[in-house]
Amino acid sequence: MIRPTALLVFLMLSASLAGCIEDPIIEEPVSEEDPSIDDTDDVINGSNGGSGTDTGTDDGNSDNNNGGEPVNETDTGNGNDNTDDGSETDNGNSGNDGNETETDDNDGTDSEDGSGSNSDDNDGTDPEDGSGSDSGDNGGTDPGDGGSTGTTECGTGDGTYSSTMIAFDISANPDFTNIGGIEIDCSTNLLYGYAWDSAADVEHFISIDPSNGLVTSLAELVGIETVSSMSAYSNGEYFANMRGGSNDYLVHVTVSDPSQYTMTLFDFSAHPELDNVGGLEYNHEDEIIYAYATDDTNSGSQGQGQGQQNTITYPDVYVVSINPIDAVVTKHTQIEDIEGVGSGTSAYDGSHYYLDVRNSGGGYSMVKINTIDYSMTTSTVLQSTNEDLSNAGGFEINLVDGLIYGYAYDSQAGVEVFVSYDVASESVVQIGNIDGVQYVTSSSTNGGNDFYAIMSGSDRVSKLVHITY
């Protein structure tokens with residue numbers, strides 16, 4: 001059975017309409033058993049706003065293209081990379097460039113567990129990976145110190161697990177759709193992100209009050225047409241990969257004065273073979289952004305003759321750093337023996353950059369990159385334990401306990417679950433069920449023991465899920 005998530009991934013890959021997310025691009029639904037990698041996470045902000053990754057409760061044939069419906073697929077692919085990640089979030093409007101991961105927010109998050117995660121935001125701002133970027137505000141391993149990016153202490157948390165779904169309150173802006181790119185600021189206890197105004201056809205930078213879901217417009221991001229679900233945040237600085245016309249921009253918003261946002265073209269002059277930036281993570285202390293980019297020079301499908309299967313060559317994926325001032329991209333280490341980026345999911349702990357990738361031949365791994373020398377190690381994701389879990393996504397690191405948190409689909413119980421992942425021991429712990437969720441997106445953030453994500457139930461209406469643990 002094909003999950004909605006996979007469908008989302010594919011939709012995102014092909015989406016490039018106005019108001020859409022453009023991170024990972026999603027093209028076709030992938031079967032749950034063999035989720036493909038999607039390197040782009042584009043959300044298209046058009047009138048159609050579906051979003052979400054199908055968790056598998058759906059039959060997988062429904063995609064969020066209907067406007068405003070959450071499809072749970074998060075497409076996190078890198079543009080030219082046609083590989084699906086397995087968890088695709090579709091945002092409704094397809095209009096990604098191919099280089100972005102599309103996450104559908106407002107509409108419903110459809111999280112297909114099995115294949116490719118395409119997260120389409122439908123917003124119109126198409127930032128690629130920032131994916132699941134680290135949600136720590138103050139960044140820094142010391143919560144609240146304003147240091148490097150990372151998770152901060154938003155709530156003390158007593159170890160008791162709870163999950164609630166909060167409806168977005170868009171009463172002040174009833175035409176908002178495709179909410180995505182959420183990042184938590186623990187100093188203000190607000191979420192920041194973006195939303196598409198379907199009436200005025202303009203992307204907005206927004207804040208969300210997690211206590212009641214109130215969405216407030218802080219600035220209009222004029223000129224942005226597609227966005228991705230991937231964003232990065234630290235110490236009051238918000239970054240995302242978005243597109244306007246045929247140009248990909250690093251969008252930078254300082255929350256203390258959102259109206260003075262900047263849009264800077266990614267500068268690939270030193271590495272013209274690269275494209276499709278995703279998985280943004282911001283190191284505020286050193287003023288550098290970590291991400292990945294692809295080289296699809298030799299990628300494609302080659303025929304082997306009648307009756308034989310085609311040979312597929314996947315784009316090369318590289319770890320890159322980006323100067324947040326001029327958006328100059330510098331290429332570092334190639335991530336070898338992979339078919340693409342899993343769901344656009346990334347994290348940063350102050351000294352290491354983490355990225356979920358799809359292995360050659362199937363399966364997923366978590367790559368851990370040392371940001372000093374860019375050396376890397378890999379560990380299996382959801383394969384050594386908990387065999388019933390699939391389509392892991394939303395990875396966010398908690399700097400206090402050093403564990404990565406996220407969600408996955410329990411195929412035996414038929415529910416979405418909240419999990420923790422220990423990279424060193426490759427152990428996965430299933431913490432609790434995320435009740436009422438049928439679709440998920442790749443848009444998530446974590447602060448202290450508070451985890452937030454955009455998901456939806458059978459109604460396909462995107463909501464804010466708040467998990468404490």
Taking segment 318-345 as the region of interest, how many residues are over 17 Å from Asn359 (Cα atoms) and either among the aromatic types (Phe, Trp, Tyr) or in a strand (DSSP E or B) (or both)? 8
Search segment 371-403 for residues being under 19 Å from His466 (Cα atoms) and crowded, with 24+ Cβ neighbours inside 10 Å, and hand back the single one that is farthest from the chain's Cα centre (by Cα). Leu399
Scan of segment 442-451 for residues that are among the hydroxyl-bearing types (Ser, Thr, Tyr) and either farther than 25 Å from Gly159 by Cβ or open to solvent by 10 Å² or more (accessible area, probe 1.4 Å) (or both), ordered by number: Ser442, Ser443
Of the residues in segment 420-450, those that are aromatic (Phe, Trp, Tyr) and closer than 17 Å to Leu389 by Cβ come to Tyr421
Those residues of segment 351-369 that are farther than 14 Å from Val381 by Cα, in contact with an Asp or Glu (Cβ under 9 Å, 6 or more places away or on another chain) and either open to solvent by less than 10 Å² (accessible area, probe 1.4 Å) or at pLDDT 95 or above (or both) come to a total of 1
Long-range neighbours under 6 Å by Cβ, at least six apart or interchain, first residue among the hydrophobic types (A, V, I, L, M, F, W, C) and part of a loop (DSSP other than H, G, I, E, B) within segment 384-399, second at pLDDT below 90 and surrounded by fewer than 24 Cβ atoms within 10 Å (Cβ to Cβ): Leu399/Thr141
Are any residues in segment 410-441 in a loop (DSSP other than H, G, I, E, B), open to solvent by 10 Å² or more (accessible area, probe 1.4 Å) and touching a residue at least 12 places away in the same chain (Cβ under 8 Å), and if so, which ones? Ser411, Gln412, Ala413, Gly414, Val423, Ala424, Glu426, Asp435, Gly436, Val437, Gln438
Any residue at all in segment 311-320 that's within 23 Å of Asp275 (Cα to Cα), at pLDDT below 90 and crowded, with 18+ Cβ neighbours inside 10 Å? yes
Out of segment 174-212, which residues are in contact with a strand residue (DSSP E or B) (Cβ under 7 Å, 6 or more places away or on another chain) and surrounded by fewer than 17 Cβ atoms within 10 Å (Cβ to Cβ)? Asp175, Asp209, Asn212
Would you confirm whether any residue within segment 259-281 is acidic (Asp, Glu), open to solvent by less than 40 Å² (accessible area, probe 1.4 Å) and at pLDDT 95 or above? yes
Give me the residue from segment 219-258 that is in a loop (DSSP other than H, G, I, E, B) and acidic (Asp, Glu) and, out of that set, surrounded by the fewest Cβ atoms within 10 Å (Cβ to Cβ). Asp257
Scope segment 442-456; condition more than 14 Å from Ala408 (Cβ to Cβ) and touching a Pro at 6+ places or on another chain (Cβ under 9 Å); matching residues: Gly447, Gly448, Asp450, Tyr452, Ile454, Ser456
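The values are calculated or read from the model by the stated rules, or taken from the named source; none is laboratory data. Predicted model, so just to flag it, every value in this text is computed and none were measured. Reconstructed Cβ throughout: ideal geometry from the backbone, glycine too, with neighbour counts over all protein chains shown. Please note that ligands, DNA and RNA were not included when accessible areas were found on the heavy atoms of the full protein model with its side chains. Shrake-Rupley method; radii C 1.70, N 1.55, O 1.52, S 1.80 Å.
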